[in-house]
Every structure is written in structure tokens, then in C-alpha cells.
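Since every read-out is calculated from the coordinates, none of them should be taken as a lab result. Computed from a predicted structure; not experimentally measured. Cβ placement follows ideal geometry from the backbone for every residue including glycine, while neighbour counts extend to all protein chains displayed.
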Amino acid sequence: MSKTVLLTGGTGTIGTRLTQLLQQQGYQVSYLSREAKPVSGVTVYQWDIQKGQIDSKAIQTADYIVHLAGAGIADGRWTDARKDDILGSRTQSTELLAKALATHEHHVEAFAASSAIGYYGGDTGDRPVTENTPAGTDFLATVTRAWERSEDQVAALGIRTVKLRTGVVLSSEGGALPKIVQPIRLGAGAPLGSGQQYMSWIHIDDICRMYMQALTDASWSGVYNATAPTPVTNEGLIKAIADVLKRPLIMPNVPAFALKLLFGEMAITVLGGNYVINKRIADETSFNYNYADLNLALKNLLA
């Protein structure tokens with residue numbers, strides 16, 4: 001009998017692709033969603049995070065849980081209300097899952113949860129960071145620390161818990177890449193700020209395959225940096241995309257002050273950078289990247 005994977009955030013960029021890959025491997029997939037909209041081939045259960053309500057059948061039928069839900073970091077300016085939503089959507093949803101797991105009979109074998117390299121801070125320069133690097137102190141780091149603490153509530157129940165500190169996910173279907181590609185296609189692409197800030201990226205299929213291995217391989221536990229082995233500067237990424245698309249780069253760098261005017265505090269997400277080392281993935285797991293090379297990843301996504 002096939003195993004069932006329960007996803008939160010199942011209709012997001014990672015969730016959509018992960019659903020496809022899980023179904024290809026013969027898994028049953030179910031979603032926890034705020035709305036009971038049907039999704040082809042997926043059983044959809046409802047939850048209401050604000051009211052603390054969850055359909056117990058979602059928990060009782062799951063063999064594994066992948067928790068991806070959370071308001072988009074870069075979906076709007078960081079007003080106080082927006083910041084509350086970014087934090088609360090992550091911690092409250094996780095706490096609700098932990099409470100449901102503590103109070104209902106279930107057979108959940110593993111819990112794989114999203115985290116972010118923002119744990120180290122929005123800008124750590126060119127200093128290599130590993131899973132042992134201390135947390136930062138800015139807004140992104142504060143959110144991610146609280147997020148991971150809420151995930152510890154599931155681990156405290158004796159359920160094997162994996163946290164993937166995810167870098168910039170490259171996908172043709174959503175996230176950062178289409179927004180970066182559009183001006184390059186139009187001949188108006190340019191590095192942002194100095195262009196020397198590092199982007200620790202990962203191909204959408206590799207992050208999804210990490211989740212799948214994290215669920216089934218009992219040796220996976222705790223925190224992993226979910227990034228490709230080769231971080232790239234913003235300028236390097238822009239030039240690599242232009243090369244794959246065979247488009248010229250003739251525009252000057254977009255000035256940092258202009259981005260700060262446009263985005264406010266959120267500008268750190270494009271002006272800051274992190275040189276993240278995937279140390280535990282490399283040293284402690286058997287995971288093999290399909291797209292360890294940036295040019296290979298871009299050719300796959302932009303062909």
C-alpha cells in the first residue's frame with residue numbers, strides 16, 4: 001500500500017513540483033489548505049490557523065508531513081502588519097500541527113519542514129556560513145529562529161524532524177527567477193547594487209528531491225543548508241542568465257539607493273547576500289544533486 005505525504009503550502013512553487021515528483025514515485029498526496037478547493041489527484045483537508053482548527057483526518061491518514069506554509073517574504077513591503085503575517089503564518093501553523101500531532105492518534109514517521117538561510121541574517125557578505133554558524137539578529141533571522149523553535153515542538157513529540165534552510169530556489173514556474181529573467185529578455189537586465197552579493201541558490205527539482213530523501217532516509221535529522229554546492233554573485237547570476245538566453249547586458253547596475261527607495265527594509269532580500277556551505281548534505285548524506293552546476297540548472301529551466 002502506498003504511503004501518504006501530507007503537504008502544507010502544497011500549491012506554492014515548491015509544493016506544486018514536489019506533488020508531481022511524489023506522485024510519479026507512487027505516493028498518495030494530501031494537502032492542508034485554508035480552502036477546500038479540489039486539486040487533481042490530491043485529497044484536500046481544511047485548516048484554519050487563526051482559529052486553531054484542523055481536520056484530524058489529515059493527521060491520521062499521513063505517513064509523512066512536509067510543512068511549507070508561510071506568507072511570502074518578498075510579496076510586499078515590510079509594514080508592521082506584513083511582518084506580523086510573515087512571522088505568524090510560520091510559527092502559528094507549525095504550532096497547530098504540533099498540537100494536532102500531540103492530541104490525535106497518528107502514524108507519522110517523519111516531519112520535514114521549511115526553514116531559510118535567512119537564519120544567518122539577510123547579509124553575511126562573502127563569509128562562508130555552515131549549519132553551525134550562529135543566527136543573525138535582523139528581521140529575517142528573528143523570524144527564522146522563531147520558525148525553527150516552533151518546529152522543535154514536533155521533534156519534542158519523538159517524531160524525526162528535518163529542517164531545510166532553503167536558499168534561493170530557481171524555478172521557471174515561480175519565485176525569484178522569472179522576475180530576474182524578464183528584464184534580461186527585454187534587453188534591460190542589470191546586476192543589483194554592487195552585484196557582488198552572493199546568492200546561495202538551488203534548483204527546484206533538487207530541493208524537492210531533498211525533501212523526499214529527508215522523509216524516507218532515517219539518518220536525516222535536524223538542520224541542513226538546502227543550497228547547491230556553488231554560490232554565485234548577483235552579477236554572476238545575471239551574466240549566466242544572459243548567456244543562456246543569448247541576450248546582451250548593456251545597462252548599468254541598478255543603484256542600491258533606488259532599490260531601498262522602492263522596497264524599503266525589504267531591499268535586504270536583493271542587496272544582501274549569503275555564501276552558504278551545504279556542509280551536512282555533503283558530509284553526512286548520500287544526496288546527489290542533479291543540478292550542482294548553475295549553467296546546467298539555467299539551461300534546464302530556461303530552454
Add -39500 (n - 2.57) for each DSSP H run of 4 or more in the chain, then divide by its residues: what number comes out at 222 nm, to the nearest 500 deg cm²/dmol?
-12000 deg cm²/dmol
I want to verify the translational diffusion coefficient of the range 150-301 in µm²/s; compute it with Stokes-Einstein, Rh as the Kirkwood radius over Cα pairs, at 25 °C and 0.890 mPa s.
146
Most mobile of Leu22, Leu97, Leu32 per a Gaussian network model of the chain (Cα springs, under 10 Å)?
Leu22
Farthest toward positive dipole pole in the chain [+1 Lys/Arg, -1 Asp/Glu at C-beta], among Pro248, Tyr289, Gln24
Pro248
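Would you kindly state how much longer the chain becomes between Asp48 and Gln60 on full extension, computed as 0.36 nm times their sequence separation minus their alpha carbon distance, in nm to one decimal? Mind dumping the intermediate values first?
Details: separation 12, 0.36 × 12 = 4.32 nm, distance 1.74 nm.
Residue separation times 0.36 nm, minus the Cα-Cα distance, leaves 2.6 nm.
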Under 19 Å, Cα to Cα: Lys pairs in the range 166-303, sequence gap 8 or more or different chains:
6
Gaussian network model of the chain, Cα springs within a sub-10 Å range: biggest mean-square fluctuation belongs to which of Gly72, Gly174, Gly158?
Gly158
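When only Cα pairs under 8 Å and 6 or more residues apart are kept, what is the percent relative contact order across the range 171-272?
Working: 109 pairs, mean separation 42.9, N = 102.
After rounding, I find 42 percent.
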Working from Cα positions, state the angle (0 to 90°, nearest 10) between the long axis of helix 204-216 and the longest principal axis of the chain.
30
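Multiply the residue separation of Arg145 and Asp293 by 0.36 nm, subtract the distance between their alpha-carbon atoms, and state the gained length in nm to one decimal.
Numbers: separation 148, 0.36 × 148 = 53.28 nm, distance 2.99 nm.
Extra length from Arg145 to Asp293 when fully extended: 50.3 nm.
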Along the Cα-to-Cβ line of Ala36, 7 Å from the Cα, sits a label point; which residues in the range 51-69 have backbone N less than 12 Å from it?
55
Expected-Rg normalisation [2.2 N^0.38 Å, Cα atoms] applied to the range 60-207
1.18
Using the Cα centre of the chain as origin and beta-carbon charges of +1 (Lys, Arg) and -1 (Asp, Glu), tell me which of Gly236, Met210, Trp47 is placed farthest towards the positive end of the dipole.
Gly236
About its Cα centre, the chain carries a charge dipole, from +1 on Lys and Arg Cβ atoms and -1 on Asp and Glu Cβ atoms, whose size in debye to the nearest 20 is 560
Assuming 0.36 nm per residue, please report the length gained on full extension of the stretch Thr130 to Ala258 beyond their Cα-Cα distance.
42.9 nm
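Taking N as the number of residues in the chain, what is its alpha-carbon radius of gyration divided by 2.2 N^0.38 Å? Write out the running numbers ahead of the final one.
Values: Rg = 19.1 Å, N = 303, 2.2 N^0.38 = 19.3 Å.
That ratio works out to 0.99.
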Using the alpha-carbon centroid of each, what span in Å lies between the range 74-108 and the range 136-158?
11
For the range 262-271, what does the Karplus curve 6.51 cos²θ - 1.76 cosθ + 1.60, with θ = phi - 60°, yield as ³J(HN,Hα) per residue in whole Hz, taken in order and with x for Gly and Pro?
6, 9, x, 4, 5, 4, 4, 5, 10, 8
Spatially near lysine pairs across the range 1-139, Cα under 25 Å, sequence gap of 8 or more or different chains:
10
Relative contact order [Cα under 8 Å, 6+ residues apart], the range 138-226, whole percent:
39
